[in-house]
Amino acid sequence: MKFKRPRGTNDLFGDRMSIWQQAESELTGLIRNYGYSEIRTPIFEMTDLFVRAVGEGSDIVTKEMYTFEDKKGRSLTLRPENTAPVMRAFLENSLHRTGGIKRFYYLGPMFRYDRPQAGRYRQFHQIGVEAIGSEDPSIDAEIIDVSLSMYKLFRYPRLDVRLNSVGCPKCLPSFKEVLKGELEGLKEELCGNCQDRAMINPLRIFDCKSCDDVKHKLPVITDHLCGECRDHFGKLQEILDGMKIDYSLDPLLVRGLDYYTKTAFEILHPELGAQNALCGGGRYDGLADDCGGGFVPAIGFSAGMERLIETLPEEYMSNLAAAAKVAYFAILDDSMIAEIMLIAREMRLEGVSAVIDLSGRNIKKQMRAASDGSFKYAVIVGPEEIGRQEATVKDLQSGEQESISLDKLQSYLVEGAKE
Ligand code: HAM
């Protein structure tokens, strides 16, 4: 084979694909129950959107973007995340006009040129939720609740919810100055990367896995919050406590994207190793203004689909295996193939799955395919059956067989699918 998939990407098919589809459909159903509706934005955007939103000093912008020029020399980037595109779409389509809170969700591929390892890919998928238009801490609580419900849906054991406040334009700049002052004296102890970025955005040091020792010597943002941020953080915690949501405060949690203000949170999985964040998010009240859209408060999170699928509890996986397909047609005489194809088509239109073996292989092989564990019935169409205008329907669980006339076959299988 001359070609291989690009490093850090995956091919999805077969059982794994079925698990993805089922998980996606259950997750989006749950999120819609909270009143969120889907938004689809382009896979690529103007590069500047991400530079402005995610931040010039962030790893994503400095190292990880898939950026290219189009034929007119415009710089475009495959989306490394989807919060900035959603805000861009919100502003561009004047979705603020009707007022109130706009609740959106999305699901799709994101692209980051990072070193691939377990749980980290160059093309990965996020399911994300954004609530735009309210400053109230109750919507922060709703967002955290949505994120946790996603894992409750799949009966995850207790997960580690980390919560912090990263301040706002009133308190964050002065905290950064304090931090820069402290870092002057600790520069020698920083890794090369952090030495370079310490003065661009000193908060990034809290994200660095190589600078753990320095992190613990630094002042923390929660000791430097302004009154408004402190109030917001306090109220959020009251609501979460009232909802009996367990979380721990983590003053070192700053998140890798520059747009965050006030609330920041992550959900960690104890068994995921180095890439242990199942999902992360926070408030980004300044992003709309950075995009030229004035003040629009907002909060959201995104969850990595690969990390979710890789950690799905056993119990859920076995439930999935039970989700059966209905009919597998084994064709040993194709003289009435057009009629069979029509019956199968009408079944599918009634919401029942039907697969016709069109390979022409022998009965043994066709029946082996029918008995892969996912079908309820094998429908055998051989010369004898055709002669009688019938098909033999075999219940693959009980092994019982019945002859059904072709004109009743569709309703027999559709009824059987309901049992
Ligand atoms: P993020 O923390 O960069 O946030 O990504 C969110 C989640 O996406 C991570 O917790 C992880 O599960 C998954 N993820 C990130 N990078 C990779 C990768 N290379 N391979 C596999 N999974 C990955 C954001 O993207 C923000 N837009 C979240 C947000 C929404 N904030 C507000 N609204």
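The values are calculated or read from the model by the stated rules, or taken from the named source; none is laboratory data. Here the structure is a predicted model, which means the values were calculated and not measured. For neighbour counting, all protein chains shown are included, and Cβ atoms are generated from backbone atoms with ideal geometry for every residue, glycine included. Quick note on the areas: whole protein, heavy atoms, side chains included, nothing else; ligands and nucleic acids left out. Shrake-Rupley method; radii C 1.70, N 1.55, O 1.52, S 1.80 Å.
Annotation: the antiparallel percentage among DSSP beta bridges lying fully within the chain is about 80.
Taking all protein chains as they are arranged and a probe of 1.4 Å, the heavy atoms of residue 290 leave approximately 70 Å² accessible to solvent. Note on residue 341 and residue 69: their simple-model spin labels are 5.0 nm apart, each label 7 Å out from Cα toward Cβ.
Based on the inverse mean of 1/r over its pairs of different Cα atoms, what is the Kirkwood hydrodynamic radius of the stretch 158-269, in Å? Intermediate results must be reported in sequence, preceding the final value.
Working: mean 1/r = 0.0679 Å⁻¹.
Kirkwood hydrodynamic radius for the stretch 158-269: 14.7 Å.
Under 13 Å from the Cα of residue 170, which aspartates and glutamates turn up, not counting those fewer than eight places away in the same chain? Excluding near neighbours in sequence, the set is 228, 285. Restricting attention to the stretch 1-121, close to 80% of DSSP beta bridges with both partner residues there are antiparallel. Per residue, the convex hull spanned by the alpha carbons of the stretch 124-222 comes to 162 Å³. Compared with the dominant principal axis of the Cα atoms in the chain, helix 172-186 is inclined by about 80°.
The P(r) of the chain has a tail past 29 Å containing 56 percent of all C-alpha pairs. Per residue of the chain, the DSSP helices (runs of n ≥ 4 H) give a summed -39500 (n - 2.57) that works out to -11000 deg cm²/dmol at 222 nm.
In this structure residue 5 has an accessible area near 130 Å², from a 1.4 Å probe over the protein heavy atoms. Distance between the modelled labels on residue 92 and residue 138, one decimal in nanometres: 3.4 nm (7 Å Cα→Cβ projection). Between residue 368 and residue 230, the C-beta separation translates, for a Förster distance of 56 Å, into a calculated FRET efficiency of about 0.25.
By a 1.4 Å probe calculation restricted to protein chains, residue 143 has an accessible surface near 0 Å², given to the nearest 10.
With Cα atoms as the point set, the stretch 1-157 shows a radius of gyration and Dmax of 17.4, 56 Å. Per-atom-type breakdown for the chain gives carbon and sulfur 49% of the accessible area (1.4 Å probe, protein chains only).
Roughly what % antiparallel, to the nearest 5, for the DSSP beta bridges in the stretch 324-418? Around 50 percent of the beta bridges assigned by DSSP in the stretch 324-418 are antiparallel ones. What is the angle, in °, between the Cα long axis of helix 83-92 and the longest principal axis of the Cα atoms in the chain? Nearest 10 is fine, range 0 to 90. Relative to the chain, helix 83-92 is tipped by roughly 90 degrees. Calculated accessible area for the stretch 324-418 comes out at 55 Å² per residue, all protein chains present (probe 1.4 Å; ligands, DNA, RNA ignored).
Sorting 301-311, 25-35, 230-240, 397-407 by their mean Cβ neighbour count within 10 Å, with the most densely packed peptide first, gives 301-311, 230-240, 25-35, 397-407. Extension gain, residue 62 to residue 295: 0.36 nm times the residue separation minus the Cα-Cα distance gives 81.2 nm.
Comparing 150, 119, 96 along the charge dipole axis of the stretch 58-162, the residue lying farthest to the positive side is 119, per the Cβ-charge model. Computed from the C-beta positions of residue 334 and residue 310 and an R0 of 51 Å, the FRET efficiency is 0.75 to the nearest 0.05. By how many degrees, 0 to 90 and rounded to 10, does the Cα axis of helix 14-33 deviate from the longest principal axis of the chain? On a 0 to 90 degree scale, this one is about 60. Applying a 4.7 Å cutoff between beta carbons, the unpaired cysteines of the chain are 168, 191, 194, 229, 279, 291. On a per residue basis, the stretch 3-153 carries 50 Å² of accessible surface, using protein heavy atoms and a 1.4 Å probe. In this simple spin-label approximation, residue 170 and residue 243 carry label points 7 Å from Cα along the Cα→Cβ vector, and these lie 2.5 nm apart. Of the Cα atoms belonging to the stretch 324-418, the radius of gyration and Dmax stand at 11.8, 31 Å.
Assigning unit charges at the beta carbon (Lys, Arg +1; Asp, Glu -1) and nothing else, what dipole magnitude in debye, to the nearest 20, does the chain show about its Cα centre?
Working: 53 positive and 64 negative charges, 199 e Å.
Computed charge dipole of the chain: roughly 960 debye.
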